[in-house]
1. In the stretch 37-56, which residues are at pLDDT 90 or above and open to solvent by 50 Å² or more (accessible area, probe 1.4 Å)?
2. When you check Leu123 against the structure, is it at pLDDT 95 or above, within 30 Å of Pro48 (Cβ to Cβ) and exposed (fewer than 15 other Cβ atoms within 10 Å of the Cβ), yes or no?
3. Limited to the stretch 134-170, what total is found for residues that are touching a residue at least 12 places away in the same chain (Cβ under 8 Å), open to solvent by 50 Å² or more (accessible area, probe 1.4 Å) and either under 15 Å from Glu105 (Cβ atoms) or outside any helix (DSSP H, G or I) (or both)?
4. Out of Ala33, Ala7, report the one residue that is small (Gly, Ala, Ser), open to solvent by less than 70 Å² (accessible area, probe 1.4 Å), free of Cβ contacts under 8 Å to residues at least 40 places away in the same chain and within 16 Å of Gln66 (Cα to Cα).
5. Among all residue pairs at least 6 apart or on different chains, which show Cβ distances below 7 Å where the first residue, located in the stretch 67-95, is open to solvent by 70 Å² or more (accessible area, probe 1.4 Å) and the second is in a helix (DSSP H, G or I) and modelled with pLDDT of 95 or more?
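The values are calculated or read from the model by the stated rules, or taken from the named source; none is laboratory data. Here the structure is a predicted model, which means the values were calculated and not measured. Methodologically, a virtual Cβ is constructed for each residue, glycine included, from the backbone with ideal geometry; neighbour enumeration extends over all protein chains shown. The protein model used for the area step is the full one, side chains on, heavy atoms only, and it has no ligands, DNA or RNA in it. Shrake-Rupley method; radii C 1.70, N 1.55, O 1.52, S 1.80 Å.
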Amino acid sequence: FGVLLNAPDADTKALGVYRLAQVKLSLDEIEEARNRFAQLQKAPATSPEMNRLKTLAEVGLAICDQKAGNNQQALGKLEELIEKHPSTDYELFAQIYNAKGACHEQLGQSVQALLSYLKTDLLFFTEAEAHAEALYHLKRLWAEYGNPGKAADAGQRLVSRYAASKWANMP
């Protein structure tokens, strides 16, 4: 994605910054991810695509807060995003609800986490990577909640639909 940073088009550069931030986040390089997401936040909104990337970067910043243990702060940001944006942006909302699930899990609120991941599963399943992540967490949470049938269903759907995903290959 570093090649995109040298593109002449501002939107393409911004996409490169966003994708690199996501990579850093997946590697748990939180501060580097936070810096890249913040860089996007400071960029001028010159197009609808730039506005969308800036909004996705807001979710990224909330995930950085969550990974740093600031779950209440992250939940507040995520709730603001839900209120501010239409739920027709499936990628955005799948990321929001997965991030909410992660926050609730860290806070020991497994029922709220389950409900957040269920929203991704039931409403935003067209977003493959986010859906795979939600199914992974649902498999664990349904088992914890005492519903092995639903846990098995989530696990089976995860493996059958997303066999190549990192989520399908995690314990």
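1. Within the stretch 37-56, the subset at pLDDT 90 or above is 37-42, 47-56.
Hits for the stretch 37-56 are Gln39, Gln41, Lys42, Pro48, Glu49, Asn51, Arg52.
2. Numbers: at pLDDT 95 or above: yes; within 30 Å of Pro48 (Cβ to Cβ): yes; exposed (fewer than 15 other Cβ atoms within 10 Å of the Cβ): yes.
In short, yes.
3. 4
4. Numbers: Ala7 fails: within 16 Å of Gln66 (Cα to Cα).
Just one listed residue meets the conditions, Ala33.
5. What qualifies is Lys67/Ile30; Gln73/Asp65.
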